[in-house]
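Just so you know, all these numbers are worked out from the coordinates, no wet-lab data involved. Just so it is clear, the model here is predicted, and its values are computed rather than measured. Virtual Cβ from ideal backbone geometry, glycine too; neighbours counted across all protein chains shown.
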Amino acid sequence: MSIKYSKDHEWLVIDGNIGTVGISNHAQEELGDIVFVELPQVGDIVGQGDEICVIESVKAASEVLAPCSGRVIEINEVLDSNPQVINQSAEEEGWFYRLEISDFASLSELMDSEAYETFLLAGEE
Amino acid sequence: MKSIAALDCSNEFVSRHIGPSDKDIAYMLETLGFESIDQLMSLTIPDNIRVDNALNFGSMSEAQALCALQKMSAKNISMKSLIGLGYHDTHTPSVILRNLLENPGWYTAYTPYQAEISQGRLEALLNFQQVVMDLTAMPMANASLLDEGTAAAEAMTLMMRVGKSKSKCFFVAVDCLPQTIAVVLTRAEPLGIDVHIGDPLTDLEKLDVFGALLQYPNVDGEIHDYREVAECLHKAGGLLAVAADPMALVLLSPPGEWGADIVVGSTQRFGVPLGFGGPHAAFMACREEYKRQIPGRVIGVSSDKDGKVAFRMALQTREQHIRREKATSNICTAQVLLANVASMYCVYHGPKGLEQIAQRIHLMLKILVSQLREAGVSVRNTSFFDTIVFDTLGAEAVHKRAMDKGYNLRVIGAEAVGLSVNETTTFDDIKELVKVIINRVSREEPLVNCNLSASEGIPHALVRQSAILTHPIFNKYHSETAMMRYMRVLEEKDLALNRAMIPLGSCTMKLNAASEMMPITWAGFSKVHPFAPLNQTEGYQELIADLENKLCQITGFSGISLQPNAGSQGEYAGLLTIRAYHKSRGEDDRDVCLIPSSAHGTNPASAVMSNMKVVIVECDADGDVNLSDLREKVALHKRKLAAIMVTYPSTHGVFEEGIREICQIVHDAGGQVYMDGANLQAMVGICLPGHFGPDVMHLNLHKTFCIPHGGGGPGVGPIAVANHLCPFLPTTPLSLLTSEGMGIGPISSAPWGSASILPISWAYIAMMGGSGLTKATQVSILSANYIAKKLSNHFDILFTGSNGLVAHECIIDTRKIQSKAKITVDDVAKRLMDYGFHSPTMSWPVAQTFMVEPTESEPLEEIDRFCEAMILIAGETEKIASGEWPNNDNPLVNAPHTAEYLMADTWTHPYTRKQAAFPNGEMSVSKYWPTVGRIDNAAGDRSLVCSCPPIESYMVGG
């Protein structure tokens, strides 16, 4: 169960054909205190790169793009009343939704933890 | 003996408007190492755009200007206008007129981004939201929109965004206010929305629409029961917007109780003068689930770090400055000053007072209707609140008789007349109107005994049951003494321009002189209905013509429209004229709008509203447009290129050398150049935008031309255009429906927008004259460079031009000191409050920096005081970096310091109370005290509360 990252700072954890999606710790740091996230609905079909929701902090609003394609099967209802969970635990408790992955080939575009770290460091230059 | 010439005082105002004296100016030049102002200008402004002696008109003294304005206002004929159509005369309570509308403590304030120093007007705006929520019976309202017409258009686009319907058809009731219909049509067309105008009671159910707009009461005064219409619409998947009269809502069943999803309207008749069309505060209220989609500003309740109730602007991330092309709307400046007048009107009258006013209006009309019907006049209405339409064989004759007696009625074709009774209508007026209409003397006695129940105006089923304004704030300030003190307490909480410099970059917070402000509340300018016959408003026509002429001279353009109510609306109008131009040449498919990445957020937001596709042009490291990226993007989109939007000087405050080339590149590809004129401040009198490339620009009269910021509006955002775009300027409302010509439709409800504040800019231009305006520009550039120089030993100054100089504003890079001390730009901004300053613009255009614009009005002493504050703060950050003060307990992180905080029994902080509150060591008697500590923004956005909190949470005594 390894974690993969997109270059738009979303993460994906795969378990069989089910994926869990959230935003990276780096992303939540950049956004600041998160005040609102509107999650997709169960049953939605998402394509890789689609805008699945907008996440709002006090000072910014950012699109969250789907790291892979599939059908949404579960959403993290906790985020509705407690979006700050994303700041506290972006890569665990702050998950957004789970989906049935439909296109495994496209996952090759995602980075593993090490590659993501390198990617972040390169961005800071 | 001196000559007669020595008697000339025609330019005495120049030295009143300009802060630094000639001696100060010489000193500032010396500090910069320049011989003269001309030398500074020649090094700041590129040779290929600088013009000498650009403006050739003279100046006049304050007394002369006031005299000229008196003469013009006297040419506006004073009438009792019963035309209605959304504008109704009202009594502005004198206590509100004197202590708020005419009070610089209220009108010189900026938009309340720095909430800790704005609690006064934030509370007044929260009261406004509460008034709207109560009257409409909706759970959420915003803190004002520009006018009823644009509010209705915003409702349309909101419903399109949030609705589930796939339809692109929008229904507008034919009995809506005609100017609302016109503005909605203008807004709908570029977005491809198919507007269907019809009878809501019969036509709507047959259509598949995403939304509908109804008017309640309708334009002719009828009050329909739309309950079933609403149900039917919802079943079919559409949403409902209702434009409602707030005074009628005092007595009528509110739209929130019978199915409205959105309610819009204008609060003009709550004490705000007619003003020949504006400015007035419009409102929007909506259902809970749309709260993140509502356009404009929303005031929310949060708390400060000590748990005290504190107000702030909530959910700002939906707005244009953050979301840009994905914003809910392009609206930026709204109508705060007028919203506060309206909310105070409700505080002062309270629910019972409002009810009395509404009942009196309604009773007056009931008496009139009963008299008319008894005399055999056919009054069409089966229901009414304040408006009726009656049949007559000679509408013009009735109208003329009415005018001879001093009344304006509404002529509808040859055989019908409408009239609307208002708060100022008296019983004598009713008696006179009866005589005028039936054209014979009426008998007095029946008026006393007339059978009023026979002409019941309000349908029984629609009589309001729910209470309004139950919050204690609307029930305690009913004596004038109490009201005066309430407004004073709120005023005292706010740091406005009448107390200290507000050096906000690109906001141009300059003097709003008393002589400029006084005329706007004269009856000759304020008691004029926007749809009064033109021969009654010759004073306004003269003023408007002269102002347009002067603005054309100042900008170098050929035509002007004063209709847009804000810079954002000007941008939108400008882009629509460009679109209309391309269409007229058979090039409708041009829809690409190039926008530099450094542009203000309203630019892409306005482009999207005009149905243009936003393509970002890169800016280079200097913040200038990257010419090679521009060439590439132009080549890529050549055939589809509609326009480029440039800001000049740039949003970074630099006179880009390549501006002529940028314009040429775009013109060669067939595109038009739109110039954002927010920085016109740096160009008046020394260059002419109409001559160096742009085809259209907008102006902000509430920046460059002295209309005060009002705490977040009013604004006026005219557009100036080159000859070839003149035919496409916005038409005026009421002429659209019978229009020929190529002009784009109206973009504001009133023909000349917020006409009653145009005298402010007229007076400024008249009193300064060409050379005074030029000197103002020069001194504003000098002051900005002086600040840059004084602070350059402590901070980097970003984005200087080729000679190391800035334009009228400078960007101070505080990132180094912030990162060494591990603090943020917010901490510095809040600490500046302890020094008695409103922070400069934060984090725009560059994150974690400040953009400073002093303007020409600031005295040298105040400029030096600001520089001293920034330098002392830099010193304070050194103490944090060195460890003398801990990172989590120091004057910056704990700022702002309230009096209450300082008076705690125990003080354990590593700095003294004196250092906290009097950081430059001087116990100043004019110390400004922030009234709340650092506000918790996240909590305020997570749980949004937009209504008045329980009265216990207000401080005793305010």
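Panel order for B:23, B:583, by other beta carbons found within 10 Å of each beta carbon, from fewest to most: B:23, B:583. Over every Cα atom in segment B:1-87, the radius of gyration and the widest Cα-Cα span, Dmax, amount to 21.4, 63 Å.
Taking the Cα of residue A:42, stepping 7 Å toward and past its beta carbon, and measuring to each backbone N in segment A:9-33: which are under 19 Å? Correct set: A:17-22. Each part reduced to its alpha carbon centroid, segment B:11-70 and segment B:202-221 end up 56 Å apart. Adding -39500 (n - 2.57) for every DSSP H run of four residues or longer, then dividing by how many residues chain B holds, sets the calculated 222 nm ellipticity at -11000 deg cm²/dmol.
Convex hull volume of the Cα atoms of segment B:149-206, normalised per residue: 77 Å³.
Take the Cα of residue A:29, step 7 Å toward its Cβ, do the same at residue B:953, and the gap between the two points is 3.4 nm.
For segment B:534-590, GluC sites (Glu not before Pro) are listed when DSSP marks them as loop and at most 12 other Cβ atoms sit within 10 Å of their Cβ; the list is empty. Using Stokes-Einstein with the Kirkwood hydrodynamic radius over Cα pairs, what translational diffusion coefficient do you get for segment B:31-133 at 10 °C and a viscosity of 1.306 mPa s, in µm²/s rounded to a whole number? Rounded, D is 79 µm²/s. Solvent-free Debye calculation, one equal scatterer per alpha-carbon of chain B: log10 I(q)/I(0) at 0.07, 0.08, 0.10 Å⁻¹ equals -0.57, -0.76, -1.19.
Relative to the present Cα-Cα distance, how much length would full extension add between residue B:378 and residue B:724 at 0.36 nm per residue of separation? Walk me through the numbers on the way to the answer.
Details: separation 346, 0.36 × 346 = 124.56 nm, distance 5.06 nm.
That pair, residue B:378 and residue B:724, stretches by 119.5 nm at full extension.
Please work out how much length the chain gains when fully extended from residue B:21 to residue B:306, using 0.36 nm per residue of separation minus the C-alpha to C-alpha distance, in nm with one decimal. Walk me through the numbers on the way to the answer.
Numbers: separation 285, 0.36 × 285 = 102.60 nm, distance 4.44 nm.
Full extension of this stretch gives 98.2 nm more.
Evaluate the Kirkwood expression for the hydrodynamic radius of segment B:265-373, namely the inverse of the mean inverse distance over all pairs of different C-alpha atoms, and round to one decimal in Å.
Values: mean 1/r = 0.0586 Å⁻¹.
About 17.1 Å for segment B:265-373.
Across q = 0.05, 0.08 Å⁻¹, the protein assembly as shown modelled as identical point scatterers on its alpha-carbon atoms has Debye log10 I(q)/I(0) values of -0.32, -0.86, in the order of the q list.
Find, to one decimal place in angstroms, the Kirkwood hydrodynamic radius of segment B:77-119, where the mean of 1/r is taken over every pair of different Cα atoms and then inverted. Let's see the in-between values first.
Working: mean 1/r = 0.0745 Å⁻¹.
Kirkwood hydrodynamic radius for segment B:77-119: 13.4 Å.
In terms of the ratio Rg/(2.2 N^0.38 Å) built on C-alpha atoms, what value belongs to segment B:765-855?
Numbers: Rg = 15.0 Å, N = 91, 2.2 N^0.38 = 12.2 Å.
Rg over 2.2 N^0.38 Å, computed on Cα atoms: 1.23.
Taking each residue as 0.36 nm, the span from residue B:864 to residue B:75 lengthens on full extension beyond its C-alpha to C-alpha distance by 279.4 nm.
Order these by the 10 Å Cβ neighbour count, fewest first: B:691, B:808, B:652. Walk me through the intermediate numbers first.
Working: B:691 14, B:808 29, B:652 26.
Listing B:691, B:808, B:652 from fewest to most nearby Cβ atoms yields B:691, B:652, B:808.
Shown here is the pair-distance distribution of segment A:52-112: with all Cα-Cα distances grouped in 5 Å bins from zero up to the longest one, the shares run 4, 14, 22, 27, 19, 11, 4, 0 percent. FRET efficiency for the residue B:518 to residue B:3 pair, using the beta carbon distance and R₀ = 25 Å, is estimated at 0.15. Label points 7 Å out from Cα along the Cβ direction at residue B:902 and residue B:884: separation in nm? So the label points at residue B:902 and residue B:884 sit 2.0 nm apart.
What fraction of the Cα pairs in segment B:195-245, stated in percent, has a spacing above 18 angstrom? Present the calculation step by step, with values, prior to reporting the outcome.
Numbers: 282 of 1275 pairs.
That fraction is 22 percent.
Per-residue mean of foreign Cβ neighbours for A:28-35 is 3 (Cβ atoms of other chains, 10 Å radius).
Given 4 °C and 1.567 mPa s, compute D for segment B:455-566 with the Stokes-Einstein relation, Rh being the Kirkwood radius over Cα pairs; round to the nearest whole µm²/s. D, rounded to a whole number, is 65 µm²/s.
Which one, A:67, A:28, A:88, projects farthest toward the positive side of the charge dipole computed for segment A:3-103 from Cβ point charges (K/R +1, D/E -1)? The residue sitting farthest along the positive end of the dipole is A:67.
Divided by 2.2 N^0.38 Å, where N counts the residues, the Cα radius of gyration of segment A:3-103 comes to 0.96. If R0 is taken as 22 Å, the Cβ-Cβ distance between residue B:742 and residue B:558 corresponds to a FRET efficiency of 0.90.
Computed over every Cα-Cα pair of segment B:352-511 and binned at 5 Å starting from 0, the pair-distance distribution P(r) comes out as 1, 7, 13, 15, 13, 9, 7, 8, 8, 8, 5, 3, 1, 0 percent. Separation of segment B:847-913 and segment B:488-507, taken as the distance between their Cα centroids, equals 18 angstrom.
Just rank B:849, B:912, fewest to most, by other beta-carbon atoms within 10 angstrom. Intermediate results must be reported in sequence, preceding the final value.
On the way: B:849 24, B:912 12.
Ascending number of Cβ neighbours within 10 Å: B:912, B:849.
Checking every one of the trypsin sites (Lys or Arg not before Pro) in segment A:1-86 against DSSP loop status and a limit of 15 other Cβ atoms within 10 Å picks out A:7. Here the spin labels are modelled as points 7 Å beyond Cα on the Cα-Cβ line, and at residue B:174 and residue A:105 they lie 5.9 nm apart. Shielding value for A:53-62 is 6, the average number of Cβ atoms from other chains within 10 Å of each residue's Cβ. The loop-placed trypsin sites (Lys or Arg not before Pro) in segment B:93-190, going by DSSP, that have at most 13 neighbouring Cβ atoms within 10 Å of their Cβ come out as B:164, B:166.
From the alpha carbon centroid of segment B:359-374 to that of segment B:542-573 is 43 Å. Working from Cα pairs under 8 Å separated by at least six residues, relative contact order for chain B is 20 percent.
Give, as a single signed number, the net charge of other residues whose beta carbon lies under 12 Å from the beta carbon of residue B:796, with Lys and Arg counted +1 and Asp and Glu -1. Around residue B:796, the surrounding residues sum to +1.
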